């Protein structure tokens, strides 16, 4: 290694003030972004690192791309980043969000990300409610006039039934 690079590396490794400042910045990002994200997805503030790992109720590769492509937080598929072990991939149903941008950029990217999750990852209860409301209003609906969210809810339920993640049951009397 070039001696000048070695000296620069030594200086950088000895710069504890820089390390403390970066830790402070990451702590601020996690403190401000995590609560915003928790309103939409299951995510916990990590003990260390600069990633938030958000659990998704659907396969993470089915999530629509962010309208802020390239903006923080970057969110690759968890199953892409992890390796299969004992027949399961621990990254499945997780996305990774890197909080490496400045705090303001991370906060700016969080609400659209939350909206993406709210739009694409419906809980069974939300799906049921959407479909039941459509059933109650069926006389006013036609294939051409039904809101798109009804079609999406039906498609998602059928997909989840096909995958064995949902099941149909009748209420007991």
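The values are calculated or read from the model by the stated rules, or taken from the named source; none is laboratory data. All figures in this text were calculated on a predicted structure; none of them were measured in a lab. Neighbour counts are summed over all protein chains in view; Cβ atoms, including those assigned to glycine, are modelled from backbone coordinates with ideal geometry.
Quick look at the numbers
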| item | result |
| --- | --- |
| Some residue of the range 77-87 being modelled with pLDDT of 85 or more and in contact with a helix residue (DSSP H, G or I) (Cβ under 9 Å, 6 or more places away or on another chain) | no |
| Any hit, the range 53-67, residues being more than 11 Å from the chain's Cα centre (by Cα), surrounded by 13 or more Cβ atoms within 10 Å (Cβ to Cβ) and either at pLDDT 85 or above or under 17 Å from residue 110 (Cα atoms) (or both) | no |
| Residue match in the range 27-34 (condition: assigned to a helix (DSSP H, G or I), touching a strand residue (DSSP E or B) at 6+ places or on another chain (Cβ under 8 Å) and modelled with pLDDT of 90 or more) | yes |
| Of the criteria (1) surrounded by 11 or more Cβ atoms within 10 Å (Cβ to Cβ); (2) at pLDDT 85 or above; (3) closer than 30 Å to residue 48 by Cα, which one residue 137 fails | (3) |
| Residue count, the range 93-114 (criterion: under 25 Å from residue 153 (Cα atoms), modelled with pLDDT of 80 or more and surrounded by fewer than 17 Cβ atoms within 10 Å (Cβ to Cβ)) | 0 |
